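Structure first, then comments.
The values are calculated or read from the model by the stated rules, or taken from the named source; none is laboratory data. Predicted, not measured: the structure shown is a model, and the values here were computed from it. We place every Cβ from the backbone using ideal geometry, glycine too, and count neighbours over all the protein chains shown.
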Amino acid sequence: MATKPTLLSSEFYSRTGQASAHPLSWPKTAPALDIIQRLEWFDNSCQIECTKVHPRRLRTFHDQAYIDAAYTAEAEQSVSPLVRQKYGLGTGDNPVFPKVIERAATARNAVVRPAAAPIDVRLTA
């Protein structure tokens, strides 16, 4: 049985951006979604809105100390020299900016959710 392609996206990415100093700070998601809509590659029934995952799920990829440091950095919009050295937060490669954790938590859901999809299909078939 063939399945329809699915587009996982989030309106969150259309209204937020990375730090201006980040090498990927230029808009990408909103223009890509606009092109997809204009070319009619997907209809609305094939699009799934991804939301952020609970902070404990971030432990799949990061240890709790890093997660705590990232939440603190986001709240304070700065990092101590120790945190910068230990985790690389607040550097040009990993800048701190508003909503940095929400972006990461939403991206985590968009990455892991499709991996679980074949299991879900098998269980419901």
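Going through (1) in contact (Cβ under 8 Å) with a residue 12 or more places away in the chain; (2) within 19 Å of residue 9 (Cα to Cα); (3) in a helix (DSSP H, G or I) one by one, residue 115 falls short only on (1).
Being surrounded by 13 or more Cβ atoms within 10 Å (Cβ to Cβ) and charged (D, E, K, R) is the filter; apply it to the stretch 82-99 and report the residue that is farthest from residue 62 (Cα to Cα). Explain how you work it out, then say what you get.
First, pick out the residues of the stretch 82-99 that are surrounded by 13 or more Cβ atoms within 10 Å (Cβ to Cβ): 83-84, 86-91, 94-99.
Filter again for charged (D, E, K, R), leaving 84, 86, 99.
Numbers: 84: 16, 86: 13, 99: 18 Å.
Going through the qualifying residues, I end up with 99.
Considering (1) in a helix (DSSP H, G or I); (2) farther than 29 Å from residue 5 by Cβ; (3) hydrophobic (A, V, I, L, M, F, W, C), the lone condition that residue 104 does not fulfil carries the number (2).
What is the one condition in (1) surrounded by 14 or more Cβ atoms within 10 Å (Cβ to Cβ); (2) under 18 Å from the mean Cα position of the chain (by Cα); (3) not in a loop (DSSP other than H, G, I, E, B) that residue 59 does not satisfy? Tallying (1) surrounded by 14 or more Cβ atoms within 10 Å (Cβ to Cβ); (2) under 18 Å from the mean Cα position of the chain (by Cα); (3) not in a loop (DSSP other than H, G, I, E, B), residue 59 fails exactly one: (1). If the condition is being part of a helix (DSSP H, G or I) and either touching a residue at least 40 places away in the same chain (Cβ under 8 Å) or surrounded by 18 or more Cβ atoms within 10 Å (Cβ to Cβ) (or both), then the stretch 46-56 contributes 46, 55. Is the stretch 66-81 home to any residue that is at pLDDT below 85 and surrounded by fewer than 17 Cβ atoms within 10 Å (Cβ to Cβ)? No, because not a single residue in the stretch 66-81 is at pLDDT below 85 and surrounded by fewer than 17 Cβ atoms within 10 Å (Cβ to Cβ). Taken over the stretch 62-101, the residue count meeting the criterion of being assigned to a loop (DSSP other than H, G, I, E, B) and among the hydrophobic types (A, V, I, L, M, F, W, C) is 4.
Among residues belonging to the stretch 33-44 that are modelled with pLDDT under 80 and over 21 Å from residue 107 (Cβ atoms), point out the one that is surrounded by the most Cβ atoms within 10 Å (Cβ to Cβ).
First, the residues of the stretch 33-44 that are modelled with pLDDT under 80: 42-44.
With over 21 Å from residue 107 (Cβ atoms) added as a condition, the list becomes 43-44.
Values: 43: 10, 44: 7.
Looking at the filtered set, the residue picked out is 43.
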